[in-house]
Amino acid sequence: MVDREGPLAFITFNRPKVLNAMNRQTKEEVLAVLKELATDDDVRVIIFRGAGEKAFVAGADVKEFADVRPMDQREDRRRLRYYETIAGYPKPVIAMIDGYCLGGGCELALACDLRLASEEARLGQPEINLGIIPGGGGTQRLPRLVGEGKALQLILTGDIVAAAEAKAMGLVEEVVPREELEAKTREIALKIAEKSPVAVRLALEAVRAASRMEIEAGLEYEATLFALLFATEDKAEGVKAFLEKRKPVFKGR
Ligand code: COA
């Protein structure tokens, strides 16, 4: 389900009967929506959320695991590039997490740029209980976010942690009471939506590169993107507005 709201697009996982577990169709639908929104300049920030009060996303749909053959699973994952598409999306993506955020749901949140949670959020990588391991980037993105020790603790025990503990380990950026989650998410998303979309895009590219680049190359990359922004109308407007003591009007050029 997609709801447009000015510069924001909310994508809602809407399978509440199975705690919004993602099956093949869910993933294909999300990818199709993301493809459409990528080229829509009016949309500045994407927000993922779950329908109902119980879950953000309780994981990949376990029913689909029943009779999958290993090579089919591997090829399918490579073809779909679901989590990779989210992690490399050209606009900021926020996970608005209320209730269960498990397995593939947690990996989806890890692929997002920001994770905002309610006090009722419950996060974890319980795949080990099914005799498997995270397969949507969890073994790679989780340690980068929370450190190897905490990542292994979650992945090896399959324990589900409450929002406060998730915040303490850096797994989510904010925790607020359930009734404030939407307002808080909107506030942060709208603040980002006001900035120069070109600067936002390059900030995303530079910071996302940090975890895959060695420091010297990363600093060179940052310097290049920084210099590139000096060629934009938005940079000229931003500096001019500051000197004229007014709010800038960014056009994304
Ligand atoms: N895939 C498919 N169905 C799922 C699901 C998933 N990942 N998570 C929950 N569901 C379904 C349940 O099978 C149940 O369906 P049913 O009503 O037809 O029996 C329904 O959602 C409600 O879940 P239920 O287990 O009854 O709720 P609960 O409050 O007792 O427990 C959880 C909630 C999240 C602890 C439990 O559902 C769970 O462990 N889910 C699986 C989580 C998981 O392993 N995710 C990783 C997959 S890789």
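The values are calculated or read from the model by the stated rules, or taken from the named source; none is laboratory data. As the structure is a computational prediction, the values presented were derived from the model and not from experiment. No Cβ is skipped: glycine too gets one built from the backbone with ideal geometry, and neighbour counts run over all protein chains shown.
Taken over the range 1-60, the criterion of being surrounded by 15 or more Cβ atoms within 10 Å (Cβ to Cβ) and free of Cβ contacts under 8 Å to residues at least 12 places away in the same chain is satisfied by E29 alone.
Whenever a residue of the range 93-105 is under 14 Å from N14 (Cα atoms) and charged (D, E, K, R), its partners that are more than 10 Å from the ligand (Cβ to nearest atom) and not in a strand (DSSP E or B), lying with C-beta atoms within less than 8 angstrom and at least six residues away or across chains, give the pairs D98/E53; D98/E120; D98/A121; D98/R178; D98/L181. Filter the range 68-101 for residues that are among the aliphatic types (A, V, I, L, M) and at pLDDT below 95; which is farthest from the ligand (Cβ to nearest atom)? Filtering the range 68-101 for residues that are among the aliphatic types (A, V, I, L, M) and at pLDDT below 95, the one farthest from the ligand (Cβ to nearest atom) comes out as M71.
Residues in the range 68-106 that are assigned to a helix (DSSP H, G or I) and of a type in the set (A, V, I, L, M): M71, L80, I86, A87.
Per-residue answers, yes or no, for (1) farther than 28 Å from G59 by Cβ; (2) surrounded by 12 or more Cβ atoms within 10 Å (Cβ to Cβ); (3) charged (D, E, K, R); (4) in contact (Cβ under 8 Å) with a residue 60 or more places away in the chain:
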| position | (1), (2), (3), (4) |
| --- | --- |
| I155 | no, yes, no, no |
| A166 | no, yes, no, no |
| R186 | no, yes, yes, yes |
| A189 | no, yes, no, yes |
| A193 | yes, yes, no, yes |
| L204 | no, yes, no, yes |
| V239 | yes, yes, no, no |
| K245 | yes, no, yes, no |
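I'd like the full set of residues that are in a loop (DSSP other than H, G, I, E, B) and either at pLDDT 95 or above or within 12 Å of the ligand (Cβ to nearest atom) (or both), limited to the range 42-67. Answer for the range 42-67, where residues must be in a loop (DSSP other than H, G, I, E, B) and either at pLDDT 95 or above or within 12 Å of the ligand (Cβ to nearest atom) (or both): D42, V43, R44, A51, G52, E53, K54, A58, G59, D61, A66. Checked against (1) more than 9 Å from the ligand (Cβ to nearest atom); (2) within 20 Å of the chain's Cα centre (by Cα), G131 passes all but a single condition, namely (2). Quick check on the range 155-162. Is at least one of its residues at pLDDT 95 or above, farther than 23 Å from N23 by Cα, more than 16 Å from the chain's Cα centre (by Cα) and in a helix (DSSP H, G or I)? Yes - at least one qualifying residue is present in the range 155-162. Might you let me know whether the range 12-30 holds any residue that is within 16 Å of the ligand (Cβ to nearest atom) and within 21 Å of E205 (Cβ to Cβ)? Scanning the range 12-30, I find no residue that is within 16 Å of the ligand (Cβ to nearest atom) and within 21 Å of E205 (Cβ to Cβ), so the answer is no.
Which residue is nearest to the ligand (Cβ to nearest atom), if the candidates are limited to the range 134-153 and must be in contact (Cβ under 8 Å) with a residue 40 or more places away in the chain and more than 12 Å from L102 (Cβ to Cβ)?
G135
Selection within the range 107-126: residues that are touching a residue at least 60 places away in the same chain (Cβ under 8 Å) and either part of a strand (DSSP E or B) or within 11 Å of the ligand (Cβ to nearest atom) (or both). The member of this set that is surrounded by the most Cβ atoms within 10 Å (Cβ to Cβ) is A117.
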